[in-house]
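Notes follow once the structure below has been shown.
The values are calculated or read from the model by the stated rules, or taken from the named source; none is laboratory data. If you're wondering where the values come from, they're calculated on a predicted model, not measured in any experiment. Every residue, glycine among them, receives a Cβ derived from its backbone with ideal geometry; neighbour counts consider all protein chains shown.
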Amino acid sequence: MVHLLPFTPDHFSTLSGWFGSDADVVQWGGPFLSGEQMTAMLDEGRSDPPARLCWMAQDDGQLVGHVQIAFDWRNGNATLGRVAIAPDARGRGLAMPMLRLALAATFAVDAVERLELNVYAWNRPAIRSYERLGFVTEGVRLSSVRVGDARWDTAVMRMLRSEWTDNTPA
């Protein structure tokens, strides 16, 4: 059974080992992945209220995933991001339970009305997963990211609190 653990410096090398190229890192959540970047993510979780929460997913004692939620407290918004499944754990159906746990933790916070995410438009498996969870595509930002010589389009998806309540598994 998948459960979430708080992301700690002990996880840095495991997480960074899941990405084999610059494009993999950009797809995950940014132009680089360094100890300083991961430390900054953790620091954002120490504010009150936290600006970001980061977790590792564990299944049968093995680290199998990572997920983050960033908060815009003023507007009651949260952003799902930096979702990754370990390369050797892909295809085992672990993303959905990991994401459901992160969504449940997000909507357990009364101040959050809206959860959104950005996903590259070519990443159809991720988009299908997000749609199964109840996310709705609001639009596509064309040619929004440069990766080497390529330009990637970004789909913007959202879920409102009422939509999560309607889609919570029984």
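List the residue pairs whose Cβ atoms are under 9 Å apart, where the first residue sits in the range 142-170 and is farther than 14 Å from Tyr130 by Cβ, the second is part of a helix (DSSP H, G or I) and modelled with pLDDT of 90 or more, and the two are 6 or more positions apart or on different chains.
Note: pairs meeting the criteria are Arg161/Phe107; Thr165/Phe107; Thr168/Arg100; Thr168/Leu103; Thr168/Ala104; Thr168/Phe107; Pro169/Arg100.
Take the residues of the range 102-121 that are charged (D, E, K, R) and assigned to a strand (DSSP E or B): which is nearest to Ala150 (Cα to Cα)?
The extreme case among them is Glu116.
Taking only the range 137-161 into account, find how many residues are closer than 26 Å to Arg74 by Cβ and loosely packed, with under 13 Cβ neighbours inside 10 Å.
2
Six or more apart or on different chains, Cβ under 6 Å: which pairs go from a residue in the range 45-60 that's on the phi < 0 side of the Ramachandran plot and part of a strand (DSSP E or B) to one that's surrounded by fewer than 16 Cβ atoms within 10 Å (Cβ to Cβ) and among the aliphatic types (A, V, I, L, M)? Could you list them?
As it stands, the answer is Met56/Leu5; Gln58/Leu5, since those pairs meet every condition given.
Between a residue in the range 83-104 that is more than 13 Å from Ile69 (Cα to Cα) and any residue that is of a type in the set (Val, Ile, Thr) and surrounded by 17 or more Cβ atoms within 10 Å (Cβ to Cβ), which pairs come within a Cβ distance under 7 Å, given they are 6 or more apart or on different chains?
Ile85/Val64; Ala86/Val64; Ala89/Val64; Leu94/Val2; Leu94/Val64; Leu94/Ile85; Ala95/Ile85; Pro97/Val2
Going through Leu99, Leu4, Leu80 one at a time, which residue ends up being crowded, with 19+ Cβ neighbours inside 10 Å, among the hydrophobic types (A, V, I, L, M, F, W, C), in a helix (DSSP H, G or I) and in contact with a strand residue (DSSP E or B) (Cβ under 9 Å, 6 or more places away or on another chain)?
Within the list Leu99, Leu4, Leu80, the selection yields Leu99.
Output yes when any residue across the range 122-140 is in a helix (DSSP H, G or I), within 13 Å of the chain's Cα centre (by Cα), aromatic (Phe, Trp, Tyr) and under 27 Å from Ser16 (Cα atoms), and no when none is.
yes
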